[in-house]
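Below is one structure, written out as structure tokens; comments come after it.
The values are calculated or read from the model by the stated rules, or taken from the named source; none is laboratory data. Given the structure is predicted, the values throughout are model-derived calculations rather than measurements. When we count neighbours, we look across all protein chains shown, and the Cβ atoms used for this are built from the backbone with ideal geometry, even at glycine.
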Amino acid sequence: MKIDISDQDQKRFEFDERLRPEEFPQVDEMSGKPGEGGLRVKGLLRRLPNKMFELTFKLEGPIIYPCARCLDPVEIEASYDFDDSVESENPEEFDLTPYIEDCLFINEPTKVLCSEDCKGLCANCGANLNHETCSCDDEAPIDPRMEALKSLL
Ligand SMILES: [Zn+2]
Ligand SMILES: [Zn+2]
């Protein structure tokens, strides 16, 4: 997502764009996925001396995160703010994309639950206990791979 900044006399660049789902950053460390319709990116880029800019924007829209217990997708309505001084080496256009990625990454919630009383996954067989009951009993030996996964949740 680029902003034309080639007019050196222009000091303020307002933008109100839509980040489509296919433009959503594919970053490994990020678990969020875009919801339908994408995100709205609305803000202002203000020219400062020496190739510097003040960038402020708000990201709004649905983002889907995995539930921290059962990994089911949970859609939340995101509203994230960004405000920072940034540098642009390119005098013709300013690329917003890395700052949108930063904003998404910084604001990623640490724990999203599909519901407060989510039952999570069976530690033995991995069944989603919200949707099914499994036949494991508590005495059953625990699969070490599931135990490792459980310690991450
Ligand atoms: Zn859940
Ligand atoms: Zn089970």
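Below are the figures for this structure:
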quantity	calculated
Qualifying residue in the range 67-75 (condition: within 12 Å of the chain's Cα centre (by Cα) and at negative phi)	yes
Close pairs from the range 120-145: first assigned to a loop (DSSP other than H, G, I, E, B), partner away from ligand 1 (no atom under 16 Å from the Cβ) and at pLDDT 90 or above, Cβ under 7 Å, at least 6 apart	134/125; 136/124; 136/125; 140/124; 142/124; 143/124
Residue among 124, 107 that is over 24 Å from the mean Cα position of the chain (by Cα), surrounded by 15 or more Cβ atoms within 10 Å (Cβ to Cβ) and away from ligand 1 (no atom under 15 Å from the Cβ)	124
Tally, over the range 1-51, of residues that are under 11 Å from the mean Cα position of the chain (by Cα), aliphatic (A, V, I, L, M) and loosely packed, with under 15 Cβ neighbours inside 10 Å	1
Residue 92 vs. criteria within 19 Å of residue 20 (Cβ to Cβ) and away from ligand 1 (no atom under 16 Å from the Cβ)	no
Segments classed as strands (runs of 3 or more DSSP E), wholly inside the range 1-110, with at least 3 members that are at pLDDT 90 or above, in contact with a helix residue (DSSP H, G or I) (Cβ under 7 Å, 6 or more places away or on another chain) and not assigned by TED's automatic domain parsing to the domain that holds residue 133	73-87
